[in-house]
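Right, one structure below, let's go through it.
The values are calculated or read from the model by the stated rules, or taken from the named source; none is laboratory data. Quick caveat, the model's predicted, so the values are computed rather than measured. Because the Cβ atoms are built from the backbone with ideal geometry, glycine has one as well, and the counts that use them run over all protein chains shown.
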C-alpha cells in the first residue's frame, strides 16, 4: 500500500516535469520558427505552470462542478450516508471526506481531491436507492481506498495537463496558418504541422495514460476496499447491480469517465472494452469472490 502511494507521488512529480518540459521545448521551437525569440518559451511556461496550478488547487472543484454534484453539509441532511462514510473513514484511518450527491438515477460514485485532507466523495441518488447496506458500504470503501492511495491527484493532473498540450497544439496550428498568410511560408508550414501533431497526439497520449493507470488502480481499490469492510461479496454484488443497470448517466463525459467506479456510459460502450478506462466488471467480481473464498 505504502509503495503504491509513493509510486503515485513519484508519477505525479514526473508527469508535471514531463509536461512542463514538453511545453517549454515546443514553445521555444515556436518562438524560433516564428522569429519571436523567447516569447514562445515564456508563453509555454506560463501556460504549463498555470494549468498545473489550476489542476493542483482547483481540479477537484472543477470535476465536482462538471458533474452537478451538490454537497451534503451536515449529518442531518443525509444521516444514512454520513454515518456510513464516517465509520469507514475511522476504519481507514483518514479524515472524513466531504460528501456530495449527484441527482442521477444511474448508480455510480467517484472520489476526487489531491490528498486525504482535501478529499471528496460523490455518489448518485441512483446508487443510494439501488444498493443494500453492505453493497453501498463496499462502494464507499472502494472510493476511500482511492483517497488513501492518492490515486485521484495523479488522474486530475493527467486530465488538466493533457488539456494544456491541446491548447498549445491549437495555437501552433493557428499561428502556422497566420505565418503562411503573411509570407513566412516555411516556418508557417512547420508550425501548422507541429500543431496538427499536437492536436492528434495529445488526447491519444492522455487516453493511453488514463487507460493504463485507471485499470490497475481499480483492481487495487477493489482489493483495498474489500479488506476495509472485511466483506468482498458486498462490493462484488454492488458491481453486478451497477453493471446490470445498463443506462448511461445524464451528464456522462469522457473527461471524467475514468473517475467513476463504473463507466458512466452504461452498456452502450461495453463493446469498446479495449479502450475503456475500467477493467471488465466480470474480472473485478471474480477477483473479489476469490478474495472471499480465501478468507
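Considering only residues in the range 95-118 that are part of a loop (DSSP other than H, G, I, E, B), modelled with pLDDT under 95 and touching a helix residue (DSSP H, G or I) at 6+ places or on another chain (Cβ under 6 Å), the one that is surrounded by the fewest Cβ atoms within 10 Å (Cβ to Cβ) turns out to be 114.
Kindly indicate whether residue 60 is surrounded by fewer than 14 Cβ atoms within 10 Å (Cβ to Cβ), closer than 24 Å to residue 262 by Cβ and in contact with a helix residue (DSSP H, G or I) (Cβ under 8 Å, 6 or more places away or on another chain).
Details: surrounded by fewer than 14 Cβ atoms within 10 Å (Cβ to Cβ): no; closer than 24 Å to residue 262 by Cβ: yes; in contact with a helix residue (DSSP H, G or I) (Cβ under 8 Å, 6 or more places away or on another chain): yes.
When the stated conditions are applied, residue 60 does not pass them.
When residue 121 is tested against (1) crowded, with 17+ Cβ neighbours inside 10 Å; (2) modelled with pLDDT under 95; (3) within 24 Å of residue 253 (Cβ to Cβ), exactly one condition is not met: (2).
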